[in-house]
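**Q** Sharing a structure, written as structure tokens. Questions coming.
The values are calculated or read from the model by the stated rules, or taken from the named source; none is laboratory data. Computed from a predicted structure; not experimentally measured. So basically every Cβ, Gly included, is an ideal-geometry build from the backbone, and we count neighbours across all protein chains shown.
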Amino acid sequence: MNAYTAHLINSIALILMGGWGYFATSANTALIPVLFGVVLLSLSNGVKLENKAIAHVAVILTLLVLVSLVAKPLISALKDGDTLGSIRVGVMVLTSLIALIYFIKSFIDAKKARTAS
């Protein structure tokens, strides 16, 4: 897997899990991950082409999503004993974390390639 694939999977997971959360709970806040997923998906071509600026924007947005999901929805779902909610948010947290790891790895690899040449 590479940063683009992880980014794409994360974007789709945010859209699908957020949409599922909205239809399951009718809570408007469940649409926030959907919005971020759509924005991240719109950046995917730039990530695929390894555009440095777009990749950095995608990383910042992914980190923002990750922190936001852990800060409130995940903790609330776990406290409330909402198993499906915990799974939905857990999937979004996991895919965001994986995307961040692959982004960081790609940045390190790019830096090594620049210094080697």
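**Q** Go through (1) in contact with a Phe, Trp or Tyr (Cβ under 9 Å, 6 or more places away or on another chain); (2) at pLDDT 95 or above; (3) under 19 Å from Leu31 (Cα atoms) for Ser96 and report which single condition fails.
**A** (1)
**Q** Do we have Ser44 as small (Gly, Ala, Ser) and touching a Leu at 6+ places or on another chain (Cβ under 8 Å) here?
**A** Criteria met by Ser44.
**Q** Please tell me if Gly21 is over 29 Å from Asp109 (Cα atoms), crowded, with 19+ Cβ neighbours inside 10 Å and over 14 Å from the mean Cα position of the chain (by Cα).
**A** yes
**Q** Also, I was wondering about something else. Applying the selection to the range 66-82, what residues are surrounded by fewer than 15 Cβ atoms within 10 Å (Cβ to Cβ) and farther than 14 Å from Ala27 by Cβ?
**A** Val67, Ala71, Ile75, Leu78, Lys79, Gly81
**Q** Go through the range 23-117 and tell me which helices (runs of 4 or more DSSP H), entirely inside it, have 3 or more residues that are touching a residue at least 24 places away in the same chain (Cβ under 8 Å).
**A** Hits in the range 23-117: 31-42, 44-48, 52-69, 83-116.
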